[in-house]
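Participant: To start, I am sharing the structure in question, which I have written as structure tokens.
The values are calculated or read from the model by the stated rules, or taken from the named source; none is laboratory data. Values in this document were obtained by computation on a predicted structure and should not be read as measured data. With ideal geometry, Cβ positions are generated from the backbone for all residues, glycine too; neighbour counts draw on all protein chains shown. Note: accessible area is taken over every heavy atom of the protein model, side chains too, but ligands, DNA and RNA are not part of it. Shrake-Rupley method; radii C 1.70, N 1.55, O 1.52, S 1.80 Å.
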Amino acid sequence: MCGIAGIVNKDGAPARKEIISRVTDTLAHRGPDGSGIHCDGNIAIGHRRLAIIDLEGGVQPLSNENGTIWITYNGEIYNFRELKSQLEAKGHIFKTHSDTEVIVHAYEDWGEACLERLRGMFAFAIWDSNRKRLFLARDRIGIKPLYYLEAGNTFAFSSELQAFKRLVDFRPELDLQALDMYLQFQYIPAPFSIYKEVRKLKPAHFLIVDQKGACSEQKRYWDLTFKPDYSLTEEKCLEGLDAALKETVQAHLVSDVPFGAFLSGGVDSSTVVAYMSQVLEEPVRTFSVGYDTDEYDETRYSKKVAERFKTEHHVEIVRPDAMSILPELVEHYGEPFADSSAISVFYISRFAREYVKMVLSGDGGDELFAGYYSYISLLYQHRKPSKIFQRLKHCLGNAARKVNVLHPLPAPSDTKYGRMAYFNASMRDELWLPEFSHLKENTYEWFKDEFNGPRQPDPLSRHQYFDITHYIPYDNLTKVDIASMYHGLEVRVPLLDHVFLDFVTKIPPGLKLSQNGRGTAAGKKYIDFEKPIDSVSCKYILKKNGERFLAHEFWNRPKRGFEVPLRPWFRKELKDILKERLTGSSSALNGLFDLEYIGNLITEHVQGTDNAWRLWALLFLNEWIQQNKKNVSIG
């Protein structure tokens with residue numbers, strides 16, 4: 001796990017080692033164990049290393065036998081030993097025991113198709129001196145990040161956006177459209193970034209850059225497809241799920257350094273720890289952080305799991321100081337990012353790094369197994385009528401809407417968009433100054449195209465597909481990568497392994513959502529919409545599988561997020577600071593937003609309306625503008 005960077009001088013000027021060194025130095029926290037640089041004419045690639053596998057031999061940038069192929073790579077390839085055997089049989093000679101070198105020889109032998117054979121998390125750049133091109137690629141789910149810049153005579157790439165600040169000619173322009181997306185989603189989705197000159201490589205995509213710095217279009221090499229197997233009985237599904245969980249956890253334990261697991265006490269992290277305890281002979285090291293506010297503290301559940309599996313459990317009770325760490329978070333995320341649980345990940349990563357260099361986490365379980373109540377709500381809202389009279393009324397209504405007699409009903413994309421909104425369209429109308437309010441239309445059109453794009457076999461899979469391909473990489477995984485790598489900690493996510501995903505996509509919707517405590521594998525009509533919505537529950541098959549280890553009541557308690565106490569802070573001790581920063585004379589939001597409207601949001605929150613996450617989004621944005629205003633043009 002590392003930090004990578006590179007530069008192409010478009011004018012053909014020789015790459016200067018001191019410039020790429022400045023860029024990689026900003027990534028030292030991602031790779032405290034070593035660094036390296038390779039220059040070839042106008043091309044330079046650099047690397048900062050966090051040593052996890054082959055501690056002595058895995059130094060980068062690394063080349064093939066004759067020095068014509070060079071790689072800088074961030075990630076872990078879990079099937080590298082199998083691939084190495086295949087490549088050695090083809091005549092490739094290895095000089096290290098690292099997974100990095102496997103990618104080099106895989107590219108030599110299979111070219112771009114090597115991506116289809118890699119199992120793991122990765123972002124890398126290969127300089128192919130024979131073909132005079134850079135080959136940049138990112139893993140299927142987007143676990144590892146990759147940014148690239150095109151500005152003036154420079155093409156550059158990096159693991160983190162703020163590294164580009166070390167380039168002499170970096171004078172970016174603020175992308176206001178991306179900023180509107182941030183206000184809607186709490187993150188900026190790929191390929192956008194907060195800067196017009198910087199793009200993100202999408203998950204499951206690659207990019208070709210020639211020696212003159214000219215980029216190809218981003219090309220997809222893999223996609224997620226739901227293919228429910230309705231012949232799969234609950235018994236067979238549980239049997240397959242047990243085997244798949246054991247296999248993916250075991251695959252993710254390849255390491256030459258001490259490792260452990262994040263353990264919140266929720267369904268997903270508890271499941272991962274359960275299977276780690278089965279696979280490993282020694283006790284699992286587990287890490288939890290708790291808070292001194294009972295509403296936000298789940299350490300009693302993590303302790304129960306730790307006791308059940310006899311883990312070496314470490315708990316730290318913290319009082320998160322949001323204002324103190326805000327400047328650090330803003331600097332390392334590099335662009336506005338409003339998921340406040342980044343604060344929790346920051347603290348638990350710092351704590352775990354005192355003991356280990358790598359942990360497993362349960363990220364992805366909610367999206368894979370339909371763990372959000374919003375899935376049930378969306379299905380109910382867009383259900384088809386079941387009774388003859390209702391169906392007739394529905395058909396007549398649709399006919400009237402086609403001739404504009406009635407207003408059209410909201411489509412599933414409209415409902416999903418509204419539920420995802422931090423600031424919905426009407427709020428953004430009031431928040432933006434008038435000259436910027438048009439941006440929201442483009443945000444909605446982008447979302448609609450993304451949501452309605454790839455067809456899925458059923459409504460539940462449609463919502464899951466969008467969350468797995470958008471929310472997970474652009475919010476969840478971004479949050480974890482930056483907050484953990486800030487402390488030099490590698491986080492692996494076995495539930496998001498593509499081999500495991502292949503099994504999960506076969507699970508019928510009725511074994512993910514259950515009605516009255518029962519799952520069903522047969523057919524698409526797995527919910528009786530005549531029954532009340534609270535008769536349906538989430539994550540059925542994963543919780544059922546968990547009953548191998550702990551009682552039914554443990555898995556089926558009310559769900560909690562990985563939250564911090566923003567709500568009470570902004571009503572009490574941080575109220576005045578919040579108001580001064582967001583609406584005072586030094587507010588960096590002036591010139592973009594209506595500060596009076598922001599003041600009203602603060603007042604509403606103090607009086608009882610929950611605006612905590614909206615206010616955190618504005619606080620993060622304000623700090624980001626303050627840090628970057630000298631070098632950024634609003635355009």
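Participant: Over all alpha-carbon pairs in the stretch 112-158, figure out the percentage whose distance exceeds 18 Å. Please list the in-between numbers first.
Facilitator: Numbers: 416 of 1081 pairs.
Counting every Cα pair in the stretch 112-158, those more than 18 Å apart make up 38 percent.
Participant: Set the Förster distance to 35 Å, then compute FRET efficiency between TYR597 and LYS559 from the Cβ-Cβ distance, nearest 0.05. All intermediate terms of the calculation are to be shown ahead of the outcome.
Facilitator: On the way: r = 33 Å, r/R0 = 0.93.
The value I calculate is 0.60.
Participant: Now, a different point. Sequence neighbours fewer than 8 away in the same chain don't count; with that in mind, list the lysines whose C-alpha is under 17 Å from LYS212.
Facilitator: LYS10, LYS132
Participant: Now for a different question. From the cross-link list LYS304/LYS479; LYS84/LYS479; LYS17/LYS165; LYS144/LYS200, which pairs have alpha carbons spaced over 23 Å apart? Please report the intermediate quantities before stating the final value.
Facilitator: On the way: LYS304/LYS479 27 Å; LYS84/LYS479 32 Å; LYS17/LYS165 16 Å; LYS144/LYS200 11 Å.
Too far apart for the 23 Å limit: LYS304/LYS479; LYS84/LYS479.
Participant: Per residue of the stretch 353-365, what does 6.51 cos²θ - 1.76 cosθ + 1.60 with θ = phi - 60° give for ³J(HN,Hα)? Whole Hz please, x for Gly and Pro, Karplus curve as stated.
Facilitator: 5, 5, 10, 9, 10, 8, 9, 9, 10, x, 4, x, x
Participant: Just want the answer: with Cβ charges of +1 for Lys and Arg and -1 for Asp and Glu, which residue in PHE346, GLY608, ALA89 is farthest toward the dipole's positive end in the chain?
Facilitator: GLY608
Participant: LYS196: which aspartates and glutamates have alpha carbons under 18 Å from its alpha carbon, excluding same-chain residues fewer than 8 sequence positions away?
Facilitator: Straight-distance partners of LYS196: GLU150, GLU160, ASP169, GLU173, ASP175, ASP180, GLU217, GLU335.
Participant: Oh, and also: Only one of the values (i) 109, 67, 41; (ii) 88, 55, 51; (iii) 75, 61, 55 was calculated from this structure for Cα extents along the principal axes in Å; name its label.
Facilitator: Comparing each candidate, only (iii) matches the computed number.
Participant: Which whole-number percent of Cα pairs in the stretch 224-293 have a distance greater than 19 Å?
Facilitator: Working: 1164 of 2415 pairs.
Considering the stretch 224-293, 48 percent of its Cα-Cα pairs are separated by more than 19 Å.
Participant: Next question. Just how large is the dipole of the stretch 561-629 about the Cα centre, in debye to the nearest 20, putting +1 at every Lys and Arg Cβ and -1 at every Asp and Glu Cβ?
Facilitator: Values: 8 positive and 9 negative charges, 20 e Å.
Dipole of the stretch 561-629, to the nearest 20 debye: 100 debye.
Participant: Okay, next question. Kindly state, as a whole number, the per residue volume in cubic angstrom of the convex hull around the alpha carbon atoms of the stretch 445-546. Spell out each step's value before the answer.
Facilitator: On the way: hull volume 15.1 nm³, N = 102.
Per residue, the Cα convex hull of the stretch 445-546 comes to 148 Å³.
Participant: Right, another one. Rounded to two decimals, what is Rg over Rh for the stretch 26-131 when you use alpha-carbon atoms and the Kirkwood radius? Don't skip to the end; give the middle numbers.
Facilitator: Numbers: Rg = 13.1 Å, Rh = 14.0 Å.
The Rg/Rh ratio comes out at 0.94.
Participant: Right, here's the next one. Let me spell out the model: positive unit charges on the Cβ of Lys and Arg, negative unit charges on the Cβ of Asp and Glu, origin at the Cα centre of the chain. What dipole size does that give, in debye rounded to 20? Walk me through the numbers before you get to the answer.
Facilitator: On the way: 80 positive and 85 negative charges, 306 e Å.
Around 1460 debye, computed over the chain.
Participant: Also: Using the Karplus equation 6.51 cos²θ - 1.76 cosθ + 1.60 (θ = phi - 60°), what ³J(HN,Hα) coupling, rounded to whole Hz, does each residue of the stretch 146-157 give in order, writing x for Gly and Pro?
Facilitator: So the Karplus estimates, Gly and Pro as x, are 8, 10, 9, 10, 10, 8, x, 8, 10, 10, 9, 9 Hz.
Participant: While we're here: Binned at 5 Å from 0, what are the whole-percent values of the Cα-Cα distance distribution for the stretch 151-277, short to long?
Facilitator: Taking all Cα pairs of the stretch 151-277, the binned fractions are 2, 7, 11, 12, 12, 12, 13, 12, 10, 6, 2, 1, 0 percent.
Participant: Same structure, new question: So for the pair ALA89, THR225, with labels modelled 7 Å out along Cα→Cβ, what separation do we get in nm?
Facilitator: Here the answer is 2.7 nm between the modelled labels.
Participant: Given only helices, namely DSSP H runs of n ≥ 4 each adding -39500 (n - 2.57), what is the per-residue ellipticity at 222 nm of the chain, to the nearest 500 deg cm²/dmol? All intermediate terms of the calculation are to be shown ahead of the outcome.
Facilitator: Working: 24 runs with 242 residues, N = 635.
For the chain, the value works out to -11000 deg cm²/dmol.
Participant: Same structure, new question: Using a 7 Å offset from the Cα along the Cα-to-Cβ direction at both GLU173 and ARG383, what is the distance between the two label points in nm, to one decimal?
Facilitator: 5.1
Participant: Label-point separation (nm) for PHE529 and GLU282, each offset 7 Å from Cα along Cα-to-Cβ?
Facilitator: In this crude label model, PHE529 to GLU282 measures out at 5.5 nm.
Participant: A further question follows. Pairwise over distinct Cα atoms, reciprocal of the mean inverse distance: report the Kirkwood radius of the stretch 153-226 in Å, one decimal place. All intermediate terms of the calculation are to be shown ahead of the outcome.
Facilitator: Numbers: mean 1/r = 0.0714 Å⁻¹.
Result for the stretch 153-226, one decimal place: 14.0 Å.
Participant: Among LEU495, THR293, ASN64, pick out the residue whose Cα is farthest towards the positive end of the charge dipole of the chain, where Lys and Arg carry +1 and Asp and Glu carry -1 on C-beta, about the Cα centre.
Facilitator: Positive-end residue among those listed: LEU495.
Participant: Continuing with the same structure: If you wrap a convex hull around the Cα atoms of the stretch 535-613, how much volume per residue is inside, in Å³?
Facilitator: Taking the convex hull of the Cα positions in the stretch 535-613, it is 170 Å³ per residue.
Participant: Let me ask something else. What is the P(r) of the stretch 497-635, as percent of Cα-Cα pairs per 5 Å bin from 0?
Facilitator: Calculated over all Cα pairs of the stretch 497-635, the distribution is 2, 8, 13, 12, 10, 8, 7, 9, 12, 12, 7, 2, 0 percent.
Participant: Something else now. I'd like the FRET efficiency for ARG518 and ARG419, computed as 1/(1 + (r/R0)^6) with the beta carbon distance as r and R0 of 22 Å, rounded to 0.05.
Facilitator: Values: r = 27 Å, r/R0 = 1.23.
That gives a FRET efficiency of 0.20.
Participant: Also, I was wondering about something else. If ligands, DNA and RNA are left out, what is the accessible area of TRP613 with a 1.4 Å probe, given in Å² to the nearest 10?
Facilitator: 60
Participant: Bin all alpha-carbon pair distances of the stretch 66-123 at 5 Å intervals from 0 and give each bin's fraction as a whole percent.
Facilitator: It works out to 4, 19, 36, 29, 11, 1, in whole percents.
Participant: Another question, then. Probe radius 1.4 Å, ligands and nucleic acids ignored: give me the carbon and sulfur share of the accessible area of the chain as a rounded percent. Let's see the in-between values first.
Facilitator: Working: 12420 of 25180 Å².
Within the chain, the accessible surface is 49 percent carbon and sulfur.
Participant: Now for a separate question. So who's got an amide H within less than 5 Å of the one on ARG133, skipping anything under 5 residues away but keeping other chains? H placed 1.01 Å off N, in plane.
Facilitator: ASP128
Participant: For a quick check of understanding: with a 1.4 angstrom probe and all protein chains in place, what accessible area in square angstrom does TYR465 have, to the nearest ten?
Facilitator: Accessible surface of TYR465 is approximately 10 Å².
Participant: Once the Cβ-Cβ distance between LYS629 and SER374 is put in as r, and R0 is 45 Å, what FRET efficiency do you end up with, to the nearest 0.05? Show your work: numbers first, answer last.
Facilitator: Values: r = 37 Å, r/R0 = 0.82.
Calculated value: 0.75.
Participant: Kindly sort TYR597, TYR486, TYR355 by accessible area of their heavy atoms, largest first, with the probe set to 1.4 Å. Present the calculation step by step, with values, prior to reporting the outcome.
Facilitator: On the way: TYR597 30, TYR486 55, TYR355 100 Å².
The residues order as TYR355, TYR486, TYR597, largest area first.
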